[in-house]
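Take a look at the structure below.
The values are calculated or read from the model by the stated rules, or taken from the named source; none is laboratory data. Predicted model, so just to flag it, every value in this text is computed and none were measured. No Cβ is skipped: glycine too gets one built from the backbone with ideal geometry, and neighbour counts run over all protein chains shown.
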Amino acid sequence: MATRNHTQNKSAADHLSVTSAVPGRGGLARIWLAGLNSIRGILNGMRTEAAITQELFLAAIGILLSFILAGSLWQWLALVGSLLLVLTAEFLNTAIERLCDHVTPERHDQIRDIKDFGSAGVFFSLIFAGLVWLAVLLSRLNLIGS
């Protein structure tokens, strides 16, 4: 048994050395694979989660509108950044919910609380995005100062 653990530890150490961020030691390959993992996560989210599908659709429309609405580079960055923040919160919330469901599929008060915390994070990101879009719109209409 000790030999097997040593072998498992060695392969884990070998894996870490191959995937390090040091150039020439897996850095670019690691970044490429991380990008592929991200794309797989986005596609999986689109296929399986209505909230992610809706928010990606709204983000695509929002990004197009941001080119019209933004009066400066900083406003554009705030508009697009707020949309990306919402997507980030939604993907993290989905990950938390799926992990909770994997750990225990039955109803549990603490698991419900954990899921509610993730949902609150999405809620606050949506409020932030709404405030950013409202501020840029009001600024563009000269109803507030920029």
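Numbers below:
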read-out	value
Any hit, region 76-83, residues being at pLDDT 95 or above, over 15 Å from A135 (Cα atoms) and in contact with a helix residue (DSSP H, G or I) (Cβ under 8 Å, 6 or more places away or on another chain)	no
So F57, is it closer than 18 Å to I39 by Cα, touching a residue at least 40 places away in the same chain (Cβ under 8 Å) and either more than 14 Å from the chain's Cα centre (by Cα) or part of a helix (DSSP H, G or I) (or both)	no
Residue identified as in a helix (DSSP H, G or I) and in contact with a Leu (Cβ under 8 Å, 6 or more places away or on another chain) among V86, V80	V86
Unique match (being surrounded by fewer than 10 Cβ atoms within 10 Å (Cβ to Cβ), on the phi < 0 side of the Ramachandran plot and at pLDDT 95 or above) among R47, R40	R47
Unique residue being farther than 26 Å from R40 by Cβ and within 15 Å of the chain's Cα centre (by Cα) when the list is F124, F91, F128, F67	F124
Matching residues, region 90-134, being assigned to a loop (DSSP other than H, G, I, E, B) and either of a type in the set (D, E, K, R) or modelled with pLDDT of 95 or more (or both)	E106, R107
